Amino acid sequence: MATIVQNIQEVHRRMARACATADRPVQSVTLLVVSKTQSADRVRAAFEAGERCFGENYVQEGIDKIAALADLREQIQWHLIGPLQSNKTRIVAESFDWVHTIDRLKIAQRLSEQRPPHLPPLQLCLQVNISGEASKSGLAVDEVPGIARAVAVLPRVELRGLMAIPEPATDPAAQRVPHRRLRELLTNLQRAGLDLDTLSMGMTNDLEAAIAEGASLVRVGTAIFGAR
Ligand SMILES: *Cc1c(COP(=O)(O)O)cnc(C)c1O
């Protein structure tokens, strides 16, 4: 069985090939290692392989892992990529560096109020329901500009961009459609004057399609740690 280190190397090869195909510099795409359900020891192995950005889905699991890896705290960026309820905002504001799943203004307001003054602003992405499924979380596309403007002026957070989890598709051309839509939405916000630089999109099965459409950060779990 391939080790975590070999899997990480293979993911970077995939990212590099996708960047070359898209005529983009490799440094324009960051790997976010999705460590949900993985032990702190496995996160440490990925850290030792050179990774610095880790994504957690569940608040309490993330908090526990951040504590278990406290010796690495200054070197790791911890990203919350799962749903956030308003009763958990304080611990998230105190513990994480990024939150990708803002889908209500109220959550961003609470995070801004609760972000401790000694920490840099919490980095935020708005989650967009880009495939338009009724059951999925995320903002509807037409809600995004208004919420983006309101979040962008909050004092203790910094709005960085957009995140989506598109409906799974196997055909590469079909995979590109929702990623393209998210990129166009970001471009519209930038044209409207918002200073945004992040497109959080692409996972194990569609990272090439996401990079082809401008992803700046891909979130990869299975290709690194194996099936959960
Ligand atoms: C689990 C998860 C990922 C990683 O998915 P893989 O297919 O394992 O690479 C990425 N983003 C989010 C929001 C996730 O919940």
*Would you calculate the separation in nanometres between label points at R73 and V153, each defined as 7 Å from the Cα along the Cα-to-beta-carbon direction?*
3.4
*What dipole magnitude, in Debye to the nearest 20, does region 125-227 give about its Cα centre under +1 on Lys/Arg Cβ and -1 on Asp/Glu Cβ?*
220
*Would you tally the net charge around L186, using a Cβ to Cβ cut-off of less than 12 Å, leaving L186 out, and scoring K and R as +1, D and E as -1?*
+1
*Can you sort M203, M163 by how many other beta carbons sit within 10 Å, fewest first?*
M203, M163
*asked:* Given a 10 angstrom Cα cut-off, can you work out which residue in A18, A173, A46 is the most mobile in a GNM of the chain?
replied: A173
*How many lysine pairs does the chain hold where the Cα atoms are under 20 Å apart and the two sit 8 or more places apart or on different chains?*
6
*asked:* Based only on other Cβ atoms within 10 Å, what is the fewest-to-most ordering of V11, V26, V34, V157?
replied: V26, V11, V157, V34
*Packing-based exposure ordering (other Cβ within 10 Å, fewest first) of H179, H100*: H179, H100
_Using +1 at the C-beta of Lys and Arg and -1 at the C-beta of Asp and Glu, which of A16, V128, P145 has the Cα lying farthest in the positive direction of the dipole of the chain?_
P145
*About the Cα centre of the chain, how large is the charge dipole given +1 on each Lys and Arg Cβ and -1 on each Asp and Glu Cβ? Please answer in debye to the nearest 20.*
180
_Interatomic Cα distance distribution for the chain, bins of 10 angstrom, percent_ = 8, 34, 38, 19, 1
*Cα centroid separation, region 40-93 to region 165-217 (Å)*: 24
*Is it possible to state the helix-based mean residue ellipticity at 222 nm for the chain, with each DSSP H run of 4+ residues giving -39500 (n - 2.57), the sum divided by total residues, to the nearest 500 deg cm²/dmol? What is it?*
-12000 deg cm²/dmol
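Read the figures in this text as sums done on the coordinates, not as results from a lab. Every value quoted in this text rests on a predicted model; they were computed, and no experiment measured them. Glycine gets a Cβ as well: all are built from the backbone with ideal geometry, and neighbour counts include every protein chain shown.
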